[in-house]
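K.L.:
Handing you a structure now.
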Amino acid sequence: AKERAKSEALRLCAVAGLNVLSPKFVIQWCEFLDPWNGYKFPYKKGERFQYKDKPYEVIEDVVSSNNEPPEKAPRFYKEVTAEAPREEYDKNKTYQAGNIVRYNGKLWISKWNDNRNHDPGISSAWKEWDGK
């Protein structure tokens, strides 16, 4: 019983870690995520689970329903996919609100439409982006 409890504790630690690890690792270790529970289960934003052997992340707090599985409820769930490479900031390019760039080793998201000649980290037109 003690070994079983230890094994379960390690599994829970792994699952907790998968909620914060990069998508690359989440995809690789998807089998360790808890399976999606479609029976009125309360999920919180940021939680991850597996559904049909794919990792998903909750993007808005939701109480699950078998009538709305992850692939039919994009408002609440998104499949965890490999990270898209981010382009380097180009001061000659015009960015729109929501565009993400890499600048001085950090990721930045544009807060404005028609954002041009405003360097990230200096201008209020950008916000450092943490991926959420």
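Values quoted throughout were computed directly from the atomic coordinates according to the rules given, and no laboratory measurement underlies them. Keep in mind the model is a prediction, meaning the values are calculated, not measured.
K.L.:
Using the Karplus curve 6.51 cos²θ - 1.76 cosθ + 1.60 with θ = phi - 60°, work out ³J(HN,Hα) for each residue of the stretch 101-108 in order, rounded to whole Hz, and write x for Gly and Pro.
P.N.:
Calculated HN-Hα couplings, in order: 9, 9, 8, 6, x, 10, 9, 10 Hz.
K.L.:
Could you tell me what fraction of 2.2 N^0.38 Å the Cα radius of gyration of the chain comes to, as a two-decimal ratio?
P.N.:
1.33
K.L.:
If you stretched the chain out fully between Arg86 and Gln28, how much longer would it get, using 0.36 nm times the residue separation minus the C-alpha to C-alpha distance?
P.N.:
Fully extending the segment from Arg86 to Gln28 adds 18.8 nm.
K.L.:
Another one. For the stretch 70-76, what does the Karplus curve 6.51 cos²θ - 1.76 cosθ + 1.60, with θ = phi - 60°, yield as ³J(HN,Hα) per residue in whole Hz, taken in order and with x for Gly and Pro?
P.N.:
x, 6, 9, 9, x, 5, 9
K.L.:
Here is a further query. Roughly what angle does helix 2-18 make with the longest principal axis of the chain, taking Cα atoms, 0 to 90 degrees, to the nearest 10?
P.N.:
With both axes taken from Cα atoms, the answer is about 20 degrees.
K.L.:
At 10 °C and 1.306 mPa s, what whole-number value in µm²/s does Stokes-Einstein give for the translational diffusion of the stretch 83-132, with Rh from the Kirkwood sum over Cα pairs?
P.N.:
So the translational diffusion coefficient is about 150 µm²/s.
K.L.:
Could you give the length gained by full extension between Ser124 and Arg75, i.e. 0.36 nm per residue of separation minus their alpha carbon distance, to one decimal place?
P.N.:
Gain in length upon complete extension: 14.7 nm.
K.L.:
Another question about this same structure. Can you list the residues, at least 5 places off or on another chain, whose amide H is less than 5 Å from the amide H of Glu47, using H built in the peptide plane?
P.N.:
Placed amide hydrogens put Val58 under 5 Å from Glu47.
K.L.:
State the extension gain, in nm to one decimal, for the chain segment bounded by Lys93 and Asn113, taking 0.36 nm per residue of separation less the distance between their alpha-carbons.
P.N.:
The Lys93-Asn113 span can extend by a further 6.0 nm.
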